[in-house]
Amino acid sequence: MATTPHKAPEKFAHLPPQQYQVCFLKGTEPPFSGKYNKHYKKGEYLCAVCKTSLFESTTKFDSGTGWPSFWNAVSGNVISHPDYSQGMARTEITCAKCGSHLGHVFDDGPKPTGQRYCVNSLALEFKSK
């Protein structure tokens, strides 16, 4: 069963085409192409669409996959959903506030959670602390 793309509210129609593709049509940017893949400044990663805080820089790690990876999300701000697209079973993650597609979460991350939140850079915005 394929997942249905989240219909973006009209107020987000201004997003650049690539960002709209990722955030509301559940696209994926090419690996190693995102601006936050090798980004390790101190701060927080926000939803690029609605600016909700999603991940703290202290939970970011280099997974070697080519996408920004985090071992934990800000409590209550990231929601997971079953995803059976692409002929596989995965767990999609979305912004709890606006429904924007962020990426997927896997059970092969580091301690202490064992989680790897694999996120598209186009779904993120960084705010320095």
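Observations on the structure shown:
- Convex hull volume of the range 9-121 per residue (C-alpha atoms, cubic angstrom): 106 Å³
- Annotation for the range 92-109 versus the range 51-85: alpha-carbon center distance of 6 Å.
- For the chain, the 222 nm mean residue ellipticity estimated from helices alone, with every DSSP H stretch of n ≥ 4 adding -39500 (n - 2.57) and the total spread over all residues, rounds to -2000 deg cm²/dmol.
- Rough spin-label spacing in nm, given labels placed 7 Å along Cα→Cβ, for residue 111 and residue 28: 3.0 nm
- Full-stretch length increase - residue 62, residue 75 - with 0.36 nm per residue and alpha-carbon distance subtracted: 2.5 nm
- Across the cross-link table entries 51/111; 97/127; 26/111, which are compared at the Cα atoms, the separations over 25 Å belong to 51/111; 26/111.
All of the numbers you see were taken from the coordinates with simple rules; none came from a lab. Just so you know, these numbers come straight off a predicted model, no measurement behind them. Here Cβ is always computed from backbone atoms with ideal geometry, including for glycine, and neighbour counts include all displayed protein chains.
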